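**Q** Next up is a structure, given as structure tokens.
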Amino acid sequence: MSLNDKREELERKAHAYVGKDSGIEVGPDPVNEVMIRQLCEVINDQNPVYVDDAAAKANGFDGIITPPAALQMWTMPGARPPWDLTDEEKEIVGNRQSISKDVELNALFAEYGYTGVVGTDQEEEYIRPVRPGEKITAHLFIDHISEQKATALGLGYFITVRRVYKNQDGEEVATSTFRVLRYQAPAQPAAQAADAPQASAKPKRLKPPMGHDNSWWWDAVENDQFLIQSCKSCNTLRHPPRPMCGKCQSLDWEGVEASGNGTIYSYTVMHHPKFPGFDYPFVTAVIELEEGTRIVSNVVDCDPLAVHVGMPVELTIQKPDGELKLPLFRPVA
Ligand SMILES: [Zn+2]
């Protein structure tokens, strides 16, 4: 089959998904206080409306609510996705839904060589706050598949998936549209790869999303500065950068210089899956800075197996792929 025929075949099969009901996603648990509190602890979100009933009521809610931006968490399948479960296990966890069409569609693109995938943008609309006890389900629709596009990552297609979040009574609580690029990573000719110098053979890392609310922080890193956002009204520190103080709701802030000293609060050693631009294994850690905020980064310049919780670390700004400056951490000598 010619390349053109193959492309037409893929596009015909893929377009059959557009505009159709594409299944649902259900997590194992209803919205609950314990998971909300754990989530807020992990991301260090101190907004009391998520954990304190009285504070939530004082702010006009009926009681604590779940962070809106984390709504999808309640529809995620857990550590083992449903398509990995045996029939017997499916029987036991009967509330987990079977495979959604979104997964099927992505498998189709992979089958035709579009194995690369990267999220490009997301829009969310929150209709009303969601409270403990509600069972949230995401209803999926494949809204749009673009024409084939030539992108910096390779030839690919943009796929827009809309999720309508409903509670157990079928009441809509939020919607989101999520767009991914499915791309064909350009093959590296073997001869060229063998001859090319090591530095240029190593792929660049994907750049972190930078926008209105956080580009100032990355600009500082580019100038070898390591800043923490500080509320100008109550001096509460926060990270990652965001427009509003979670404590006093002030929109006035400034960046203050951090010492770069901290300890490892939690970490994981990454072996798999292998993303381009990283040397494996490597350590991803939550660093508790001495100023009190936490940051997710990598621990470098040491044996990954030597890393432990409580380990003192210090900042080292490096360019791991020779291009993008990143604030990394290494053990204190
Ligand atoms: Zn404040």
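**Q** Against the definition (at pLDDT 95 or above, within 16 Å of the ligand (Cβ to nearest atom) and assigned to a loop (DSSP other than H, G, I, E, B)), how does Ser230 come out, yes or no?
**A** Values: at pLDDT 95 or above: yes; within 16 Å of the ligand (Cβ to nearest atom): yes; assigned to a loop (DSSP other than H, G, I, E, B): no.
No; evaluated as a whole, the condition is false for this residue.
**Q** Of the conditions (1) in contact with a Cys (Cβ under 6 Å, 6 or more places away or on another chain); (2) more than 9 Å from the ligand (Cβ to nearest atom), Asn214 satisfies every one except a single condition; which number is it?
**A** With (1) in contact with a Cys (Cβ under 6 Å, 6 or more places away or on another chain); (2) more than 9 Å from the ligand (Cβ to nearest atom) applied to Asn214, the lone miss is (1).
**Q** Oh, and also: I need the full set of residues from segment 148-167 which are over 13 Å from Gly119 (Cα atoms) and either in contact with a strand residue (DSSP E or B) (Cβ under 8 Å, 6 or more places away or on another chain) or surrounded by 19 or more Cβ atoms within 10 Å (Cβ to Cβ) (or both), in order please. Step through it out loud before you land on a result.
**A** To start, the set of residues in segment 148-167 that are over 13 Å from Gly119 (Cα atoms) comprises 148-152, 154-155, 162-167.
Gln148, Lys149, Thr151, Gly154, Leu155, Arg162, Arg163, Val164, Tyr165, Lys166, Asn167 - these are the residues of segment 148-167 that are over 13 Å from Gly119 (Cα atoms) and either in contact with a strand residue (DSSP E or B) (Cβ under 8 Å, 6 or more places away or on another chain) or surrounded by 19 or more Cβ atoms within 10 Å (Cβ to Cβ) (or both).
**Q** Checking Ile287 against (1) more than 13 Å from Phe329 (Cα to Cα); (2) of a type in the set (Val, Ile, Thr); (3) surrounded by 15 or more Cβ atoms within 10 Å (Cβ to Cβ), only one condition comes out false. Which one?
**A** With respect to (1) more than 13 Å from Phe329 (Cα to Cα); (2) of a type in the set (Val, Ile, Thr); (3) surrounded by 15 or more Cβ atoms within 10 Å (Cβ to Cβ), Ile287 is out only on (1).
**Q** Which residues, taken from segment 233-261, are under 24 Å from the mean Cα position of the chain (by Cα), more than 9 Å from the ligand (Cβ to nearest atom) and surrounded by 13 or more Cβ atoms within 10 Å (Cβ to Cβ)?
**A** Leu237, His239, Pro240, Pro241, Arg242
**Q** Sort out which residues of segment 276-333 are without any contact (Cβ under 8 Å) to a residue 40 or more places away in the chain, aromatic (Phe, Trp, Tyr) and out of contact with any helix residue (DSSP H, G or I) (no Cβ under 8 Å at 6 or more places or on another chain), and write them in order of number.
**A** Tyr280
**Q** Can you pull out the residues in segment 136-163 that are part of a strand (DSSP E or B), at pLDDT 90 or above and among the hydroxyl-bearing types (Ser, Thr, Tyr)?
**A** Tyr157, Thr160, listed by residue number.
Condition check ((1) over 22 Å from Trp218 (Cβ atoms); (2) in a strand (DSSP E or B)) across all residues:
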{"site": "Val269", "(1), (2)": "yes, yes"}
{"site": "His272", "(1), (2)": "yes, no"}
{"site": "Gly277", "(1), (2)": "no, no"}
{"site": "Glu288", "(1), (2)": "no, yes"}
{"site": "Glu291", "(1), (2)": "no, no"}
{"site": "Gly310", "(1), (2)": "yes, no"}
{"site": "Leu315", "(1), (2)": "no, yes"}
{"site": "Arg330", "(1), (2)": "no, yes"}
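**Q** Could you figure out which of (1) touching a residue at least 12 places away in the same chain (Cβ under 8 Å); (2) aliphatic (A, V, I, L, M); (3) within 16 Å of the ligand (Cβ to nearest atom) isn't true of Val221?
**A** (3)
**Q** Please specify each residue of segment 6-37 satisfying the condition of being modelled with pLDDT under 90 and surrounded by fewer than 11 Cβ atoms within 10 Å (Cβ to Cβ).
**A** Asp21, the sole residue that qualifies.
The values are calculated or read from the model by the stated rules, or taken from the named source; none is laboratory data. All values derive from a computational prediction rather than experimental measurement. A quick note on method: Cβ atoms are made from the backbone with ideal geometry, for glycine too, and the neighbour counts reach across all protein chains shown.
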